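Worksheet for the structure shown next.
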Amino acid sequence: MKKTLYAPFPPNVKYGDIVKGLPVNDLSCDGVFSSHTLEHLSLEDFKIALVNTYRILKPNGIFRLVVPDLEIAAREYINSLDKGDASASFQFLGDATHLGVYKRSRGITGLLRSIFGNSHHLWMWDKQSLTQELLKAGFKNVRICSFNDCDDKMFNYVEEIYRFENSVSIECKK
């Protein structure tokens, strides 16, 4: 088994880039699951990823996605400000949204990290904006979902409850 990102995958797993296109045929997938990935894409790449996801799903195929919830982070930020917390912006930009960068690596290491690393969030979502983008991409039956509440129980094999905490979780269909 190949091990990537601390998760064991069977040797027949195909790796790909949802922006460039996955190595699967159009209309070939019953379901697609994305957990804490799409926030690492620019807005433009996010929209391309939705188009590519829609393309590979079969009719009525299910797309479930989980991203950090901007609304929760923003409310916590405002609450911290209201309490006079001078470090509220550090918490919001650093820990809550991962939009801020505490220290930038310089030299060749910094250059390589900026080219190949993608650990920082590039865009944040709330349920309203995410729903709107999914509808624009052609998805239907968009709903807020919860851990393991899908009719297709195959998603139970990949979902982890802690990934749904402080997150926007949405299920929709092609």
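The values are calculated or read from the model by the stated rules, or taken from the named source; none is laboratory data. This structure is a prediction, so every number in the text was calculated from the model and none was measured. We place every Cβ from the backbone using ideal geometry, glycine too, and count neighbours over all the protein chains shown.
Tell me yes or no: at least one residue of the range 43-53 is surrounded by fewer than 13 Cβ atoms within 10 Å (Cβ to Cβ), assigned by TED's automatic domain parsing to the domain that holds Tyr162 and part of a strand (DSSP E or B). Walk me through it before giving the result.
Kept after step one, since they are surrounded by fewer than 13 Cβ atoms within 10 Å (Cβ to Cβ), are these residues of the range 43-53: 43-44.
Those left that are additionally assigned by TED's automatic domain parsing to the domain that holds Tyr162: 43-44.
Checking which are part of a strand (DSSP E or B) leaves us with none.
No, the range 43-53 contains no residue that is surrounded by fewer than 13 Cβ atoms within 10 Å (Cβ to Cβ), assigned by TED's automatic domain parsing to the domain that holds Tyr162 and part of a strand (DSSP E or B).
In this structure, is Asp26 at pLDDT 95 or above and assigned to a strand (DSSP E or B)?
The answer is no for Asp26.
Given the condition under 18 Å from the mean Cα position of the chain (by Cα), of a type in the set (Ser, Thr, Tyr) and within 26 Å of Cys150 (Cβ to Cβ), answer yes or no: does some residue in the range 40-60 qualify?
Yes, the conditions are met somewhere in the range 40-60.
Might you check whether a residue that is at pLDDT below 95, surrounded by fewer than 17 Cβ atoms within 10 Å (Cβ to Cβ), touching a Gly at 6+ places or on another chain (Cβ under 8 Å) and under 19 Å from His40 (Cα atoms) occurs anywhere in the range 121-133? Before you say what the answer is, go through the steps one by one.
If we filter the range 121-133 for residues that are at pLDDT below 95, which is where we start, we get 121-122.
Of the ones still in play, those that are also surrounded by fewer than 17 Cβ atoms within 10 Å (Cβ to Cβ) are 122.
Right, trim to touching a Gly at 6+ places or on another chain (Cβ under 8 Å) and you get none.
No, because not a single residue in the range 121-133 is at pLDDT below 95, surrounded by fewer than 17 Cβ atoms within 10 Å (Cβ to Cβ), touching a Gly at 6+ places or on another chain (Cβ under 8 Å) and under 19 Å from His40 (Cα atoms).
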